[in-house]
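> Below: one structure in structure tokens.
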Amino acid sequence: MKIKLSLFIIGQFLFLSATAQIDQLPVKKIIDLAEKQYQSYIDKFPDSTQHLYSIRPNSNIQAVTYKDWTSGFFPGCLWYLYDFTKDKKWESDAKKWTATLEPAKLVTTMHDLGFILFSSFGNGYLLTKDSSYKNILLQGAKSLSTRFNPIVGSIKSWDNGPWHYPVIVDNLMNLELLFWVAQTFHDTSFLHIAISHLNNDIKYRFREDGSTFHVLDFDPSTGKLIAKKTWQGYTDSSCWARGQAWAIYGFTMAYRYTHNKEYLLYAKKAANYFIDQINKIDDHIPYWDFNDTAIPNTQRDVSAASIAASALLELSEFDPATKKTYYNAAVEILRSLCSDAYLATPGTNHDFLLQHGVVNKPGGKGVDVPIIYADYYFLQALWRYQHYSTK
């Protein structure tokens, strides 16, 4: 079977040039729902500086500005709608909500510039080839690079909290901004930072069973590891489901850019652990932490599910020996997400697509709520699935 290489700025992965598929997912139904839900939000909240994020404890919609790490996902969803539908209305809305994120390109106080800028301007550049978008991504990569400490060998994640130099598993996702800018502008300085960060992660991120730690805390003056902790998981020794999904996605993406087989090995380690855990669950949607002692009487997390499904679809293309395993796991997750148990009906769920996400249960934030990054990676996974089945 011939394989065709196609770089998609957020969803770059190898497509099958032809494949027959019997496990059809209701992609059109989901896109129709997304159009209804997101139009409802825009009608009620037309201010494009306000980006859909989640809901508050009082059930009011929670929106954020460019200063929040989740702000790029709503315009990213709009770009996916435009690509799915080819409707210029969604292009116009995507441009409008993307434009208000430009100030983030100069932010140096957080590591989330990949999430913010790549989900928005990255998708926008792919679909419009607007050169100003490309330059914004370049500046964002420069700002992100200021958080790199060569002694530690990693990009610092947080500037607050009980840490010395924290590096969280989520940070893997921001490396794609550096990889893409290095490739696009032929600047290896960004590549060297991304590779250093990945190589340092490999040293400490994984347990023997393939599960991951959420937070690695380093001494910034010596580069020595101080502690392996969690912040959003159940305990320091547990496996936070979304963090595990970030690891699958991050190392798969890194392999796409570098073809470094060690990155592929660790992507598979993370994936195998995740799949082993969800195979214990009837509908394959993970609990928020795989080691919560309250299982099965605890919350699921659709954000972990959607991120993992998207990553597994890409990962399935990189090793013929495991193609079927990873592809089937992704489809099983997506089939459940498309069911009434997790998918909203029009006019419900506060204008989101997916129900039952968990933001930070230990912190008491966003437990069993809709979350925009669950929607975003759900749409991305369906985009990958659709192209996988038709190319």
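The values are calculated or read from the model by the stated rules, or taken from the named source; none is laboratory data. All figures in this text were calculated on a predicted structure; none of them were measured in a lab. For neighbour counting, all protein chains shown are included, and Cβ atoms are generated from backbone atoms with ideal geometry for every residue, glycine included. Surface areas here come from the heavy atoms of the whole protein model, side chains and all, with no ligands, DNA or RNA. Shrake-Rupley method; radii C 1.70, N 1.55, O 1.52, S 1.80 Å.
> Would you list, by chain and number, the lysines whose Cα falls below 26 Å from the Cα of residue 361, excluding same-chain residues fewer than 8 positions away?
67, 156, 228, 229, 269, 280
> Hey, another quick one. With N set to the residue count of the range 158-220, report its C-alpha Rg divided by 2.2 N^0.38 Å to two decimal places. It would help to have the intermediate numbers written out before the result.
Working: Rg = 13.2 Å, N = 63, 2.2 N^0.38 = 10.6 Å.
The range 158-220 yields a ratio of 1.24.
> Suppose a student asked you for the relative contact order of the chain, using Cα pairs under 8 Å spaced at least 6 residues apart; what percent would you report?
Numbers: 746 pairs, mean separation 68.2, N = 391.
RCO, the chain: 17 percent.
> How long, wide and thick is the chain, going by the Cα atoms along their three principal axes, in whole angstroms, largest first?
Each principal axis gives a Cα extent; for the chain these are 54, 52, 47 Å.
> Just read off the accessible area of residue 115 with the full protein assembly in place, 1.4 Å probe, to the nearest 10 Å².
10
> Determine the gain in length on full extension of the stretch residue 67-residue 262; use 0.36 nm per residue of separation and subtract their C-alpha separation, reporting nm with one decimal.
The residue 67-residue 262 span can extend by a further 66.8 nm.
> Could you give the distance between the Cα centres of the range 92-155 and the range 47-68, to the whole Å?
Result: 20 Å between the Cα centres.
> Here is a further query. Relative contact order for the range 93-237 using alpha-carbon pairs under 8 Å, separation at least 6, rounded to a whole percent?
Working: 215 pairs, mean separation 29.9, N = 145.
Once normalised by length, the contact order is 21 percent.
> Given R₀ = 41 Å, FRET efficiency for residue 221-residue 49 by Cβ-Cβ distance, to 0.05? Mind dumping the intermediate values first?
Values: r = 40 Å, r/R0 = 0.96.
The formula returns an efficiency of 0.55 here.
> Given the options 67, 89, 269, which has the most mean-square fluctuation in a GNM of the chain, springs set between C-alpha atoms less than 10 angstrom apart?
Ranking 67, 89, 269 by mean-square fluctuation puts 89 first.
> With N set to the number of residues, divide the alpha-carbon radius of gyration of the range 122-189 by 2.2 N^0.38 Å and report two decimals. Display every interim value, and only then the final one.
Numbers: Rg = 13.8 Å, N = 68, 2.2 N^0.38 = 10.9 Å.
Computed over Cα atoms of the range 122-189, the ratio equals 1.26.
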